[in-house]
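For reference, the structure is listed below as structure tokens.
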Amino acid sequence: MAAHHKWLFVAALFLVGTLVLVRRALVIVDTEEDLWPDPRARQAVHLGVLSRRLQAYARDHGALPENLAALGAPLVQPDEWGVAIWYQRAGPVLQLQSAGPDRTFGTIDDIEVRDGTTYESKRALYLAAQDSARRAP
């Protein structure tokens, strides 16, 4: 009977050690909020992922989908501020847009993805255009 208790004790130690390691591993894993604490950055990343999924859909089906629902529930979710993502397609060209923190489309804080390129705001586009104009010979 003593040998039986010895193996039971060893098995219990192994189980406890495994649980401690699993718990420690879970604590180390970064959450999306840890990786991108800024909601604008998280939204830009999500729009980039959505854009790549749409492009993969187009490769598999020969065209972009009519709407985002074709991608399925996990990807089709409101933006960081609870507003539905705006999606437009014109042939092979796609555009995704988040209304941004002010929850209003067409304002300076919108986050956009066009053909795989993320633009965090219309202001960023404006500043980039100004910078290009200054650098032009």
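Can you pull out the residues in region 85-100 that are free of Cβ contacts under 8 Å to residues at least 40 places away in the same chain, farther than 19 Å from Asp38 by Cα and either among the hydrophobic types (A, V, I, L, M, F, W, C) or in a loop (DSSP other than H, G, I, E, B) (or both)?
Trp86, Ala90, Gly91, Pro92, Val93
Could you check region 53-76 and list, in sequence order, the residues that are more than 15 Å from Arg89 (Cα to Cα) and at pLDDT 85 or above? Steps first, answer last, please.
Of all residues in region 53-76, those more than 15 Å from Arg89 (Cα to Cα) come to 60, 72-76.
Across region 53-76, the qualifying residue is only Asp60.
Which pairs turn up if I take residues in region 101-118 that are under 17 Å from Val45 (Cβ atoms) and modelled with pLDDT of 85 or more and look for partners that are aliphatic (A, V, I, L, M) and part of a loop (DSSP other than H, G, I, E, B) with beta carbon separation below 9 Å, at least 6 apart in sequence or on another chain?
If the second residue must be aliphatic (A, V, I, L, M) and part of a loop (DSSP other than H, G, I, E, B), the pairs left are Asp110/Ala99; Ile111/Ala99.
Search region 35-53 for residues that are assigned to a helix (DSSP H, G or I) and pair each with any residue that is surrounded by fewer than 17 Cβ atoms within 10 Å (Cβ to Cβ) and modelled with pLDDT of 85 or more when their beta-carbon atoms are under 7 Å apart and the residues are at least 6 apart or on different chains.
Within 7 Å, the pairs are Arg53/Leu71.
The values are calculated or read from the model by the stated rules, or taken from the named source; none is laboratory data. In this text the structure is predicted, and so the values were computed from the model without any measurement. Virtual Cβ from ideal backbone geometry, glycine too; neighbours counted across all protein chains shown.
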